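We did not get these values from a lab; they are worked out from the coordinates using the rules stated. Just so it is clear, the structure is predicted and the values come from calculations on it, not from any experiment. Every residue, glycine as well, gets a Cβ built from its backbone with ideal geometry; the counts of neighbours run over all protein chains shown.
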Amino acid sequence: MKDKKIAFVGSGSPKAVEGLEMLTKRYPNVPVDEADLIVALGGDGFILHCLHQSMGKNVPIFGMNRGSVGFLMNEFSEDRLYDRLQSAEAVQFIPLRLQAVGIDGEASEALAINEVSLLRETRQASKIRILVDGVERMAEMICDGVLVATPAGSTAYNLSAHGPIVPLGSGVLALTPISAFRPRRWRGALLPHNATVRFEVLEPAKRPVSAVADGTEIRDVASVEVQEAPELAVTILFDKEHGLEERILKEQFAS
């Protein structure tokens with residue numbers, strides 16, 4: 001592992017800056033565009049940012065928590081870094097590609113590691129038609145919104161919206177309504193990971209809807225298609241004793 005070129009990056013928070021100084025004093029540091037591996041210091045939001053930056057580059061990321069929750073991060077320590085990287089478990093994340101067409105006819109695209117969500121923009125509930133692989137599955141849902149989550153993102157916004165936690169390797173995506181008014185008791189669906197989900201916004205001028213892929217928002221959409229983008233897969237490294245699969249399993253039993 002010592003022959004690998006490592007880039008250390010931080011979120012800019014005081015704790016991340018402090019940790020960055022400690023690590024770069026002990027270990028060689030190279031620019032990100034020269035790195036074989038990235039060590040990212042911050043919180044979950046920062047590692048998501050790093051993952052977006054590394055899409056298509058085949059550079060794994062080892063996160064160290066210098067934020068708050070740190071669900072996607074490992075514990076911070078300046079000791080035994082090479083040993084930790086050598087024994088770390090690699091988890092591949094396949095992002096979702098959002099393809100949207102606006103009310104004005106303009107096409108937009110964005111990528112998401114966690115989820116793609118559609119959200120109402122005003123006080124009026126949105127009306128959304130849902131198709132899966134070209135088949136209409138719901139003619140009209142009246143709601144605050146709806147989202148499609150990856151297994152990695154199923155413990156984030158999806159869980160807050162009462163969606164299911166999806167284990168890694170399950171081969172499914174979670175389709176979850178956000179505060180659905182009609183149909184009142186619909187709780188969502190589990191879809192094959194390679195499904196194409198299409199949302200059509202009904203009455204888009206009267207009931208405007210935005211589409212959000214992780215941190216990227218596209219406002220006033222008329223339709224949105226969501227599907228996997230396997231060619232842009234990214235890799236996160238986890239300490240062997242604190243793997244992501246175990247964390248997701250624990251979340252299913254958390255009180």
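Phi-derived couplings, Karplus 6.51 cos²θ - 1.76 cosθ + 1.60 at θ = phi - 60°, listed residue by residue for the stretch 125-139: 5, 7, 10, 10, 9, 10, 10, 10, 6, x, 9, 5, 10, 8, 5 Hz, with x used for Gly and Pro. Working from Cα pairs under 8 Å separated by at least six residues, relative contact order for the stretch 96-231 is 33 percent. Here the residues LEU249, LEU173, ranked from fewest to most Cβ neighbours within 10 Å of their Cβ, fall in the order LEU249, LEU173.
Largest mean-square fluctuation among VAL32, VAL135, VAL212, in a Gaussian network model of the chain whose springs join Cα atoms under 10 Å apart, belongs to VAL135. For the stretch 141-229, trypsin sites (Lys or Arg not before Pro) meeting the loop criterion (DSSP other than H, G, I, E, B) and having at most 10 other Cβ atoms within 10 Å: ARG184, ARG185, LYS206.
Roughly what angle does helix 44-54 make with the longest principal axis of the chain, taking Cα atoms, 0 to 90 degrees, to the nearest 10? Helix 44-54 sits roughly 90 degrees off the main axis of the chain. Under the criterion of Cα pairs below 8 Å and six or more residues apart, the relative contact order for the chain equals 22 percent. What the phi angles of the stretch 86-91 give under the Karplus curve with 6.51, -1.76 and 1.60, with θ = phi - 60°, is a coupling list of 5, 9, 5, 8, 9, 10 Hz, glycine and proline written as x.
Calculated mean residue ellipticity, 222 nm, the chain: -4500 deg cm²/dmol, from DSSP H runs (n ≥ 4) at -39500 (n - 2.57) each, averaged per residue and rounded to 500. The simple Förster model, with R0 at 30 Å and r as the Cβ-Cβ distance, assigns ARG184 and GLU136 a FRET efficiency of 0.95. In straight-distance terms, cross-link reach from LYS127 covers every one of the lysines whose alpha-carbon lies under 28 Å from its own, apart from those fewer than eight places away in the same chain; here that gives LYS206. Each of LYS127, LYS2, LYS15 was scored by other Cβ atoms within 10 Å of its Cβ. Arranged with the fewest first, they read LYS2, LYS15, LYS127.
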